[in-house]
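Chemist: This is the structure I have questions about; it appears just below.
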Amino acid sequence: MTISGHLRIEEFKLLPAQEWIDESDTWRFCRLSAGAAYWLEPAHPRALSEGEMLVLPPRLKGIIRASQINAVLLHAFSFAPEMLGGFLTLAERRFFERQSSVGALEPRFLRPSHPIAQRITALVTGSPELAGLRERTELLNVAAAFFNAEELLPGLPAAGPMTAQIRFHRLISGITEMDIEQQTTDELAHACGCSPRHFNRLFREHFGESLRARRNHLRLLRAHQLLLETDKRIGEIASEVGYSSLSLFNALFKRRYGASPSGVRRFRPDVSPDRGGASPEDAGANPLKKQGFC
């Protein structure tokens with residue numbers, strides 16, 4: 001059973017001795033709401049207590065087994081940074097991309113008394129009015145509070161001489177991806193207090209790619225999100241994210257995601273074929289499942 005919803009709480013019921021298994025590419029926040037259960041990852045096996053919360057980084061195989069003498073109730077949600085196009089800073093995006101590809105972090109266990117675990121308890125047991133946008137906003141706040149408490153996200157550089165490199169680090173840690181997309185290189189260089197040429201050099205040294213390549217990546221990320229969350233036609237989306245050539249957009253998108261835009265949209269049950277069905281070469285693969293969204 002895989003957590004399919006980004007920032008949406010789902011309920012899982014396990015029979016005695018039944019297992020919940022999830023190995024998706026997203027962050028997963030899972031609460032043991034009732035019953036006795038065990039975490040079975042080889043490196044950190046342990047019993048779980050009722051009300052305890054488990055946070056799993058991307059690509060870590062999660063296995064929770066219900067006790068042989070009782071059923072278990074789990075509440076869980078996923079946090080997919082890929083679905084937050086334009087919202088994160090470049091430094092935050094870099095952190096999440098590294099963890100998704102490397103998968104080096106260990107699971108975190110939060111006691112029932114932990115403030116973050118208590119916030120999830122309030123959501124699970126609270127008023128049904130806290131749903132929709134309010135629930136998603138609170139779950140996003142919970143995820144942000146976790147990353148801040150664990151000191152996982154990059155912070156601002158320590159105070160010191162304001163060299164161009166320090167100013168660059170402060171800039172990319174303080175503005176969103178949308179700002180990077182919308183501002184020109186000259187404007188970004190001015191904010192950094194250096195020449196455009198020096199800014200481009202700093203950018204390549206830090207990210208291992210050019211500013212232009214990163215902007216293309218961000219545009220495709222936003223296009224991917226629009227394909228999943230809106231009914232806009234593919235041509236509209238290509239134009240909205242900055243591509244005047246639909247064929248170029250399709251080629252770059254498929255190179256990035258391994259599926260065409262229509263192939264990604266195919267697995268949305270609410271979208272009719274005239275909104276963009278799958279191309280023949282995409283018919284055998286589910287790109288949403290590959291990325292942990294279903």
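The values are calculated or read from the model by the stated rules, or taken from the named source; none is laboratory data. Keep in mind that what you see is a predicted model, and the values were worked out from it rather than measured. When we count neighbours, we look across all protein chains shown, and the Cβ atoms used for this are built from the backbone with ideal geometry, even at glycine.
Chemist: Taking Arg59 as the residue in question, decide whether it is closer than 13 Å to Phe109 by Cα and at pLDDT below 95.
Modeler: Spelling it out, it is not the case that Arg59 is closer than 13 Å to Phe109 by Cα and at pLDDT below 95.
Quick grid of which residues meet (1) small (Gly, Ala, Ser); (2) modelled with pLDDT under 90; (3) surrounded by 15 or more Cβ atoms within 10 Å (Cβ to Cβ):
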residue	(1), (2), (3)
Ala131	yes, yes, no
Glu138	no, no, yes
Ala144	yes, no, no
Asn148	no, yes, no
Gly155	yes, yes, no
Arg170	no, yes, yes
Gln182	no, yes, no
Leu220	no, no, yes
Gln225	no, yes, yes
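Chemist: Please identify the pairs in which a residue from region 132-155 that is farther than 19 Å from Ser173 by Cα has its Cβ atom under 6 Å from the Cβ atom of a residue that is among the charged types (D, E, K, R) and not in a loop (DSSP other than H, G, I, E, B), counting only partners at least 6 apart or on another chain.
Modeler: As it stands, the answer is Val142/Arg119, since those pairs meet every condition given.
Chemist: Pick from region 202-214 the residues that are surrounded by 15 or more Cβ atoms within 10 Å (Cβ to Cβ) and either among the basic types (Lys, Arg) or modelled with pLDDT of 90 or more (or both): which of them is nearest to Ala251 (Cα to Cα)?
Modeler: Ranking the candidates gives Arg214 first.
Chemist: Against the condition in contact with a Leu (Cβ under 7 Å, 6 or more places away or on another chain) and either of a type in the set (A, V, I, L, M) or outside any helix (DSSP H, G or I) (or both), how does Ile166 come out, does it pass?
Modeler: No, not satisfied.
Chemist: If you don't mind, another one. One residue is enough: does region 204-226 have a residue meeting the conditions in contact (Cβ under 8 Å) with a residue 12 or more places away in the chain, over 18 Å from Arg167 (Cβ atoms) and not in a helix (DSSP H, G or I)?
Modeler: No: region 204-226 contains no residue that is in contact (Cβ under 8 Å) with a residue 12 or more places away in the chain, over 18 Å from Arg167 (Cβ atoms) and not in a helix (DSSP H, G or I).
Chemist: Condition first: hydroxyl-bearing (Ser, Thr, Tyr), out of contact with any Cys (no Cβ under 7 Å at 6 or more places or on another chain) and closer than 30 Å to Leu105 by Cα. Can you find one or more residues in region 228-240 that meet it?
Modeler: no
Chemist: Can you find, within region 52-76, the residue that is surrounded by the most Cβ atoms within 10 Å (Cβ to Cβ) among those that are aliphatic (A, V, I, L, M) and within 22 Å of Ala144 (Cα to Cα)?
Modeler: Filtering first and then ranking leaves Ala76.
Chemist: Can you tell me which residues in region 79-123 are at pLDDT 85 or above, of a type in the set (Lys, Arg) and in a helix (DSSP H, G or I)?
Modeler: Arg93, Arg119
Chemist: Can you name every residue in region 9-46 that is over 30 Å from Arg134 (Cβ atoms) and in a strand (DSSP E or B)?
Modeler: Once the filter is applied, which keeps residues that are over 30 Å from Arg134 (Cβ atoms) and in a strand (DSSP E or B), region 9-46 yields Glu19, Ile21, Tyr38, Trp39, Arg46.
Chemist: Hey, another quick one. What number of residues within region 2-34 are of a type in the set (Gly, Ala, Ser) and more than 19 Å from His114 (Cα to Cα)?
Modeler: 4
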